[in-house]
Amino acid sequence: MKNYLLALASLLFIGHQAIAQKVEFEEFDLDNGLHVIMHQDNTAPVVITSVMYDVGGKDGDRERTGFAHFFEHLLFEGSENIGRGEFMKIIPANGGTFNANTSQDRTYYYEIFPSNKLELGLWLESERMLHPVIDQVGVDTQNEVVKEEKRQSYDNRPYGGLLKTIGESLFNVHPYKDQNIGLMEHLDAATLEEFNAYFDKYYVPNNAVLVVAGDIDYDKTKKLVKEYFSAVEKGPEVVRNFPKEAPITETKEVVAYDKNIQVPAIIAAYRLPGQSTREAYVLDMISSYLSGGKSSVLYKKLIDEQKQALTVQAVNLGQVDYNIFALFALPLGDVSLDTLLAEMDEEIAKMQNELISERDYQKLLNQFENDFVSSNSSVAGIAGSLATYYLLYGDVNIINNQLETYRSITREEIQDVAKKYLSPNQRVEIEYLPKTDEQ
């Protein structure tokens, strides 16, 4: 349970990283539409090669959910020049590490190597894009891998169905309503032709950004990128026209059950403007004010002073089309869920009716600056931010000005946004209960 809650809280900062010092970078485009960002940092002999594709859980046929996450696994199977399973052997054999992850909005692959292996990293990512092997053996293998992941991370994990419940409750027509990992029956029913068609549509150079960062030379790197990626053919432009959600104007009450828990939870979830809006930045500050650390108002009140909660969190989950802002608490002892919700609402109401103190405001600014400096203190962190800001925000230079955006937010603005978006009639209230034999 603890690990899940920490992971949930960490989602607050996905896509919202910035640093105090200026990050220098160079950009260029290949003829096939691949956008390339290079960042030079010669302080350590390390280089990261990463590709972010503009495809996530929200994309594709709603009768074939989970394809983006499935491809996160499938594209490690191999290529015409890399044998099955060799991808994951080549990297550690050359002193490197690797990983990939998928959200509702994008898929991200990266390798970190000693800087003398830059060419190897570029070759591996070009192979993934140029001619991966997508065959029935690979599909069947990864189908079992994904099913096991679903069992471990969702089906048999305490509170593993929480995000699923929030998504289904907040969204009626937008594909954010569907779980990122998808339905296993959709993957089982999919044909090899459907998987290949999905790759041809989304894993094209004009739907991706390549970031090379670390101990590099700009001219040499640009030459290598052209050498390895120019042969990839441009694909059709991806057109998205997702349905819009109607505003929530009346409180929606939901009851959900989890066979893996003994302690119930209360969640109040709001559907809010997407992550690139100024209001989303303000809501980041609101969530940190409410539960960002042991000195935050909800932690001090519900855990330290009143001893009513085991844990309490306010999370602003950034997404392209709609953010999710959620209040979450687990009761201590016989405290009721209604009591916890009322106590959290009391702090929201205080924000709506009066300005937060100047001291709390300055503490917030210091907290954001420290967090952001830390999050981009590594080459890997900078690479992820550069890719995210280009692909999902449309402006790479946010990496250099986002902290100023937070600093420009006033106490009055915090009060106004809390008034505008965080009223009880604008949310879903979820009682997340232990499942018994009767349910």
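Relative to the longest principal axis of the C-alpha atoms of the chain, give the angle of the C-alpha long axis of helix 358-375, reported between 0 and 90° and rounded to the nearest 10°.
The two axes meet at around 20 degrees.
When we measure straight from the Cα of residue 307, which aspartates and glutamates land under 13 angstrom away, once same-chain ones fewer than 8 places off are left out?
Partners found: 334, 343.
Restricting everything to alpha-carbon atoms, can you work out Rg to Rh for the stretch 156-261 with a Kirkwood hydrodynamic radius?
1.12
Report the full-extension gain for the segment residue 89 to residue 294: residue separation times 0.36 nm, less the Cα-Cα distance, to one decimal in nm.
Extra length from residue 89 to residue 294 when fully extended: 69.5 nm.
Ignoring any ligand, DNA or RNA, what whole percent of the accessible area of the chain comes from carbon and sulfur when the probe is 1.4 angstrom?
Exposed carbon and sulfur together represent 48 percent of the surface.
Under a 1.4 angstrom probe, counting protein chains only, how are 379, 46 ranked by accessible area, largest first?
Final ranking, largest accessible area leading: 46, 379.
Helix 136-150 versus the longest principal axis of the chain: what is the Cα-based angle in degrees, 0 to 90, to the nearest 10?
Once rounded, the angle reads 20 degrees.
What's the longest uninterrupted piece of the chain once you rule out the GluC sites (Glu not before Pro) that are loop residues per DSSP with at most 16 other Cβ within 10 Å? Working shown, then result.
Working: sites that count: 24, 63, 80, 86, 233, 237, 245, 250, 354, 438.
Longest gap between qualifying sites, sites excluded: 87-232.
At most 16 other Cβ atoms within 10 Å and a DSSP loop assignment: could you name the trypsin sites (Lys or Arg not before Pro) in the stretch 158-257 that fit?
Hits after loop and neighbour filter: 234, 240, 244.
Given the protein chains as shown and a 1.4 Å probe, how many square angstrom of residue 272 are accessible, to the nearest 10?
Accessible area of residue 272: about 10 Å².
Loop only per DSSP, at most 13 neighbouring Cβ atoms within 10 Å: give me the trypsin sites (Lys or Arg not before Pro) in the stretch 271-312, ordered by residue number.
Passing both the DSSP loop test and the Cβ count: 294, 307.
Quick one: which residues, 5 or more positions from residue 46 or on another chain, have an amide H under 5 Å from its amide H? H modelled 1.01 Å from N in the peptide plane, none for Pro or chain starts.
Correct list: 115, 215.
Quick one: 3J(HN,Hα) in Hz for the stretch 197-213, Karplus 6.51/-1.76/1.60 with θ = phi - 60°, rounded, Gly and Pro as x.
Coupling constants for the stretch 197-213: 5, 5, 4, 4, 7, 10, 9, 10, x, 6, 10, 8, 10, 9, 10, 10, 9 Hz.
Can you work out the FRET efficiency for the pair residue 173 and residue 22, with r the C-beta to C-beta distance and R0 = 51 Å, to the nearest 0.05?
Step by step, r from the Cβ atoms, then E = 0.75.
Please give the FRET efficiency for residue 353 paired with residue 237, using the beta carbon to beta carbon distance and R0 = 41 Å, rounded to the nearest 0.05.
Calculated transfer efficiency: 0.30.
List the lysines whose alpha-carbon lies under 28 Å from that of residue 234, not counting same-chain residues fewer than 8 positions away?
Those lysines meeting the cut-off are 58, 117, 201, 220, 222, 223, 226.
Relative to the longest principal axis of the chain, what angle (0 to 90°, nearest 10) does the C-alpha long axis of helix 379-388 take?
Compared with the principal axis, the helix lies near 80 degrees.
Hey, can you find the accessible area per residue of the chain for me, probe 1.4 Å, expressed in square angstrom?
Here the per-residue accessible area is 43 Å².
Within 10 Å of each candidate Cβ there may be at most 13 other Cβ atoms; applying that plus a DSSP loop requirement, which trypsin sites (Lys or Arg not before Pro) in the stretch 49-123 survive?
Passing sites in the stretch 49-123 are 62.
Please work out the Cα center distance from the stretch 363-439 to the stretch 166-182, rounded to the nearest Å.
Each part reduced to its Cα centre gives a spacing of 20 Å.
For the chain, what does the equivalent ellipsoid look like in terms of its semi-axes, each the square root of 5 times an eigenvalue of the Cα gyration tensor, given largest first in whole Å?
With the √(5λ) rule applied to the chain, the semi-axes are 38, 27, 19 Å.
The values are calculated or read from the model by the stated rules, or taken from the named source; none is laboratory data. This is a predicted model, so every value here is computed, not measured. In this analysis, Cβ positions are derived from the backbone assuming ideal geometry, glycine residues included, and neighbour counts consider all displayed protein chains. Note: accessible area is taken over every heavy atom of the protein model, side chains too, but ligands, DNA and RNA are not part of it. Shrake-Rupley method; radii C 1.70, N 1.55, O 1.52, S 1.80 Å.
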